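Take a look at the structure below.
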Amino acid sequence: MMKTIQTRFGEVVYDPDNTLQFPEGLVGFESLRHFIVMPNEKEGPLFWIQSIEDPQIAFVLTDPTDFYFDYKVVPDGRERKKLGISEKDECLVVSVVTVPQDRNITLNLAAPILFAPSTNRALQVILEGTQFSPRTPLPKI
Amino acid sequence: MLVLTRKAGEGIIIGDDIKITIVELKGGGVRIGIDAPREMKVHRQEVFDKIKQENREATQWDIADLNELSNILDAGRKK
């Protein structure tokens, strides 16, 4: 049974059995646990997720390895547990994208999102002692 | 807020499974040891605040931005 929510981008129809779950929310948005993955209308590396709990909140995401080939974040045991996956299960890394007014976008490589496709769960983790900035510009081509 | 005075080597117990130890006082800084369950997240305040702020800013975008950026990025990749 499909459901409908009103977002700041208009009406969104989604399948409640197929949502992305953040068991701990995102940093600063701890109460937002369920998101809809929105396909981008245009081709390209960007997509976005819409909060089901708060229609005002949506994040643009991207695969950081499209831009930074050597960027790698591996979940530890406790993170795998929260994602509901074992050592063998796949875990992808996704970055939150910030779009400033000048549209020179940045990736938050200091707090990546770990995503487990098999359980549809995701976790934003803060990397301690990392060299990566929460506001990393795209590499110069 | 509960405020306690501790010396180097002394500690604080919080609940059943969190232990804070004052390791060293040096050059205006305090080194703190934290024993907590692994599932408990421990972060420096300013790092946490920065990520929180960045997430908040990341919610300020529009569909027009996304379409425009997708065109630019996609063109870049196809070069």
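Here are some notes:
- Degrees, to the nearest 10: B:45-58 long Cα axis against longest axis of chain B: 20
- Karplus (6.51, -1.76, 1.60) ³J(HN,Hα), θ = phi - 60°, over region A:12-18, in Hz, Gly and Pro reported as x: 10, 9, 9, 9, x, 7, 10
- FRET efficiency, B:A36 to A:E90 (Cβ-Cβ, R0 22 Å, nearest 0.05): 0.15
- Karplus-derived 3J(HN,Hα), 6.51/-1.76/1.60, for each residue of region A:35-46, Hz, glycine and proline x: 10, 9, 7, 9, x, 6, 5, 9, 6, x, x, 8
- Sequence-separation-based contact order of region A:63-141, relative, with Cα cut under 8 Å and 6+ spacing, percent: 29
- Residues whose placed amide H lies under 5 Å from that of A:L32, excluding near-sequence neighbours: A:L26
- Relative contact order [Cα under 8 Å, 6+ residues apart], region A:100-141, whole percent: 48
- Acute angle (nearest 10 degrees) that the helix B:63-78 long axis makes with the longest principal axis of chain B, alpha-carbon atoms: 80
- Between A:L61 and A:F47, A:W48, A:I49, A:V97, the built amide H atoms are under 5 Å apart, and every one of these is 5 or more places off in sequence or on another chain.
- D by Stokes-Einstein for the protein assembly as shown, Kirkwood Rh over Cα pairs, 20 °C, 1.002 mPa s: 111 µm²/s.
- Prolate/oblate/rounded call for region A:3-134, Cα gyration tensor, a/c under 1.5 rounded: oblate
- Long-range Cα-Cα pairs in region A:76-133 (distance over 15 Å), rounded percent: 54
- Think of each Lys and Arg Cβ as +1 and each Asp and Glu Cβ as -1; about the Cα centre, that makes the dipole of region A:3-134 roughly 180 debye.
- Length-normalised contact order of chain A in % [C-alpha pairs under 8 Å, at least 6 apart]: 19
- Region A:42-115: GluC sites (Glu not before Pro) in DSSP loop, at most 16 other beta carbons within 10 Å: A:E43, A:E53, A:E87, A:E90
- Stokes-Einstein D (µm²/s) once Rh is taken as the Kirkwood radius of chain B over alpha-carbon pairs, at 37 °C in 0.692 mPa s: 192
- Label reach from A:K81 (point 7 Å along Cα→C-beta): in region A:96-136, amide nitrogens under 19 Å belong to A:114-116, A:119, A:121-126.
Readers should treat all values here as calculations from the given coordinates under stated rules, not as data from a laboratory. Here the structure is a predicted model, which means the values were calculated and not measured. Because the Cβ atoms are built from the backbone with ideal geometry, glycine has one as well, and the counts that use them run over all protein chains shown.
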